[in-house]
Amino acid sequence: MSFLAGLRYMDRRWIFLGVGLLVLLPLLFSFHIAPVQPSNRARGFYDAIEKVPEGSVVLLPGDYDPGTAAENYPMHLAAARQLMRRNMKIIALALYPAGPPLTDQVLRIAGAEYHKTEGVDYVNLGYKVGNELVMSQMGQSIPKTFPVDNRGIPVNKIPVMKGIQNFQQIRLIVNVSAGYPGTKEWVQQVVSRYHVPMVAGVTAVSAPEYYPYLQAGQLHGLLGGMAGAAEYEILVGAPGLATRGMDAQSLAHLFIAFMIILGNLAFLAGSKKGNGR
Amino acid sequence: MKREIPILITLVSGLFMLLAWFVPHPTVRSAYEGLQNWAIVVVGFTYVLGVANLLRINVRQVSRKERDWPYKIVLLAGILVTMAVGFSEGNHYTDVDSRFQWIYRTFYSPMTATMFSLLAFFIASAAFRAFRIRSVEALLLAIAAFILMLGRVPLGAAIHPAIPAAADWLMEIPQNAAKRGILIGAALGVMATGIRVILGLEKTYGGGES
C-alpha cells in the first residue's frame, strides 16, 4: 500500500492535533503572518457610525451568547469603543437570554476607557423574551417594552432614557448578531418599517445571508466573523482579540484547504490501487 | 369545537393584525399593542413549559436508570442549582460579583464556547474524509471553498491580492444572486403559509393534519 493510499486509514486524532497546534501556537506566540486589510464592508460599518452626529442616541442590540463570543465579542467591544469615543448615548439590549452579561462586560470595559457613566451615557436594558415581537413593540414604545433596565431600575429614572419613546429618537442601530433573532429580523421589523439606518456584525457562517441587505442599502456596513471584527478593530485603532486571532484563523483555513487536497489524493491513490487488483 | 375554536381565534387575530398594520387609529393601535403584549407573555410561558418538560423527561429517565442516566443527573443538578441561585439573588443576579454571574462565567460561558469551537476540529476531519471531488460541481465547490477560505483571511492577500478580490466577487455576485432567490422563495412560502393558517387550511400548528 502506498503512503498516500495508507492515509485513508489515518487516525483522525492526528488531524485534531494539527488543528489544535495551528490554532494554539499563534495565540501563544504572537506573530504576524500578514497585515489585516479593512474591506469595504467594514469601512461601511465604521463610516456609518462616524457620520452620526456626536451625542446622538444609538441602539446596540447584542444578540449573541458565549457560544459565538469568539467572533461577536471583539466586534461588540470595538463598536462600544467607537460609539463612546464619539460620545454617543448607547441603549443596549439583548434578544438572547445569555446575552446581557456580555453586553454588561463590553459597556463596562469601554465605559472605563472613555470615562462614561452607566445610566448617564449608556444603559443595558437586558433581555426580553419575544424575538420579533419585542422589536415591533419597541416601535410603539421602548419604555413600555423595557420598563426597567438590566439592574431592575425603572427606565423613567435613567437619565440616558430621557425623551426616548420609540425608534424616532434612534439615529443608528448597531446590531451584533449570532443568528435568530438578530440582524435579519431587525432589518425586516425595524429598518424597512421605521427607516432607521443600521449596521451589523455577524458570525462568519451567517454573513452570506446578509449580503442582499447590504447590497440593497438596508445595511450600511457588515462585519463577517472574526475577520470582519479584526478589520473593524484596525479601523477603530484598537487591535484586540480578533486581530490576534487572525493568524490562528489563517493557518486553520490553510490547514483545512490542505486536508481537502490530501483527502482527495489519498482517495485517488486508493481507488487506483483497487482498480489495479 | 376543540378544533373550530383555535381556528376561529387564529382567523380573527390573524386578520386583525394584518389590517391593523394599515390603520393608524388610536383604538386599533391600542388593541394591536395589547395583542402583541399577549403574544410576548405566551412566548414567555413556553420557556416555563420547556423547563417543566425537560425536568419531567429527565427525572423519569433517571428514575428508570435509562441509557446515560448519570449525565442527566448533572443536567438536572445544573438547571436546579442555577435557578435556585438566580431566584435567591433577586434583582442582584446581574451584579458582577453575584453567584449567578459566577456560574455564568465559570460554567456556562466556557462550556458553550467549547461546544462551538469543536466545529473547527470536525470541519478539518470532514474536509479530509468526506469532501470528495468526483464531479464538475464538486470541483467548482472546492475551488470556491479554497478561494473563500484564503480570501477571507490576511494570508490570502499576502499570497496574491487577486485572492481576496475573487472572494469578494464570489460573495457579491453568484452567492448574492442565489441568496436573493432563496430569500424571495422563502418569503413567498411564508406568505402562503400565513394565509393558509389564517384561513384555517393549515392546521398542523394545532396538532391536526393539514
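The values are calculated or read from the model by the stated rules, or taken from the named source; none is laboratory data. From a predicted model like this one, the values you see are computed outputs, not experimental measurements. Positions of Cβ are backbone-derived with ideal geometry, glycine not excepted, and every protein chain shown enters the neighbour counts.
Any chance segment A:124-147 includes a residue that's in the same structural domain as A:G55 (by TED's automatic domain parsing), farther than 19 Å from B:I40 by Cβ and either surrounded by 18 or more Cβ atoms within 10 Å (Cβ to Cβ) or among the hydrophobic types (A, V, I, L, M, F, W, C) (or both)?
Yes, some residue in segment A:124-147 is in the same structural domain as A:G55 (by TED's automatic domain parsing), farther than 19 Å from B:I40 by Cβ and either surrounded by 18 or more Cβ atoms within 10 Å (Cβ to Cβ) or among the hydrophobic types (A, V, I, L, M, F, W, C) (or both).
A:M161: in contact with a helix residue (DSSP H, G or I) (Cβ under 6 Å, 6 or more places away or on another chain), over 30 Å from B:M149 (Cα atoms) and at pLDDT 95 or above, yes or no?
Spelling it out, A:M161 is indeed in contact with a helix residue (DSSP H, G or I) (Cβ under 6 Å, 6 or more places away or on another chain), over 30 Å from B:M149 (Cα atoms) and at pLDDT 95 or above.
Would segment B:198-208 turn up any residue that is among the polar types (S, T, N, Q) and crowded, with 16+ Cβ neighbours inside 10 Å?
The answer is no; no qualifying residue exists.
Looking for something in a loop (DSSP other than H, G, I, E, B) and over 28 Å from B:W169 (Cβ atoms) - is there at least one such residue anywhere in segment A:99-114?
Within segment A:99-114, one or more residues are in a loop (DSSP other than H, G, I, E, B) and over 28 Å from B:W169 (Cβ atoms).
State the number of residues belonging to segment B:1-39 that are aromatic (F, W, Y), more than 11 Å from every other protein chain (Cβ to nearest Cβ) and either in contact with a strand residue (DSSP E or B) (Cβ under 6 Å, 6 or more places away or on another chain) or in a helix (DSSP H, G or I) (or both).
Qualifying residue count, segment B:1-39: 1.
Quick one: how many residues across segment A:227-251 are among the aliphatic types (A, V, I, L, M), surrounded by 21 or more Cβ atoms within 10 Å (Cβ to Cβ) and either facing chain B (nearest Cβ under 9 Å) or over 25 Å from A:H76 (Cβ atoms) (or both)?
Residues meeting the conditions: 3.
Let's see how each residue does on (1) surrounded by 15 or more Cβ atoms within 10 Å (Cβ to Cβ); (2) farther than 23 Å from A:Y211 by Cβ; (3) in contact (Cβ under 8 Å) with a residue 24 or more places away in the chain:
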site: B:F131; (1), (2), (3): yes, yes, no
site: B:L140; (1), (2), (3): no, no, no
site: B:I143; (1), (2), (3): no, no, no
site: B:I159; (1), (2), (3): no, yes, no
site: B:A165; (1), (2), (3): no, no, no
site: B:Q175; (1), (2), (3): yes, no, no
site: B:K179; (1), (2), (3): yes, no, no
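State which residue is nearest to the other protein chains (Cβ to nearest Cβ) when the search covers only segment A:33-46 and only residues that are surrounded by 15 or more Cβ atoms within 10 Å (Cβ to Cβ) and closer than 14 Å to B:A165 by Cα.
Ranking the qualifying residues of segment A:33-46, first place goes to A:Q37.
Look through A:S30, A:S56, A:S2 and report the one residue that is surrounded by fewer than 22 Cβ atoms within 10 Å (Cβ to Cβ), of a type in the set (S, T, Y) and under 28 Å from A:V174 (Cβ atoms).
A:S56
Step by step: first the residues of segment B:78-119, then only those that are within 11 Å of chain A (Cβ to nearest Cβ) and not in a helix (DSSP H, G or I), then the one that is surrounded by the fewest Cβ atoms within 10 Å (Cβ to Cβ). Which residue is that?
Here the answer is B:V96.
Tell me yes or no: at least one residue of segment A:155-175 is free of Cβ contacts under 8 Å to residues at least 24 places away in the same chain, more than 19 Å from the chain's Cα centre (by Cα), outside any strand (DSSP E or B) and closer than 22 Å to B:P26 by Cα.
Within segment A:155-175, one or more residues are free of Cβ contacts under 8 Å to residues at least 24 places away in the same chain, more than 19 Å from the chain's Cα centre (by Cα), outside any strand (DSSP E or B) and closer than 22 Å to B:P26 by Cα.
Just checking, how many residues over segment A:47-74 are among the β-branched types (V, I, T) and either part of a strand (DSSP E or B) or within 12 Å of another protein chain (Cβ to nearest Cβ) (or both)?
Summing the residues that are among the β-branched types (V, I, T) and either part of a strand (DSSP E or B) or within 12 Å of another protein chain (Cβ to nearest Cβ) (or both) in segment A:47-74 gives 3.
Determine if segment A:99-109 includes at least one residue that is within 14 Å of chain B (Cβ to nearest Cβ), over 19 Å from the mean Cα position of the chain (by Cα) and without any contact (Cβ under 8 Å) to a residue 24 or more places away in the chain.
No, the conditions are met nowhere in segment A:99-109.
Out of A:A78, A:A92, which single residue is more than 14 Å from chain B (Cβ to nearest Cβ) and within 27 Å of A:M246 (Cβ to Cβ)?
The unique qualifying residue is A:A78.
Among all residue pairs at least 6 apart or on different chains, which show Cβ distances below 7 Å where the first residue, located in segment A:193-220, is among the aromatic types (F, W, Y) and the second is at pLDDT 95 or above and not in a helix (DSSP H, G or I)?
Between residues of segment A:193-220 that are among the aromatic types (F, W, Y) and residues that are at pLDDT 95 or above and not in a helix (DSSP H, G or I), the close pairs are A:Y210/A:A200; A:Y210/A:V202; A:Y210/A:L219; A:Y210/A:L222; A:Y213/A:L219.
With respect to A:H115, determine if the residue is without any contact (Cβ under 8 Å) to a residue 24 or more places away in the chain and either among the small types (G, A, S) or away from chain B (no Cβ under 11 Å) (or both).
Considered against the rule, which asks whether it is without any contact (Cβ under 8 Å) to a residue 24 or more places away in the chain and either among the small types (G, A, S) or away from chain B (no Cβ under 11 Å) (or both), A:H115 comes out as yes.
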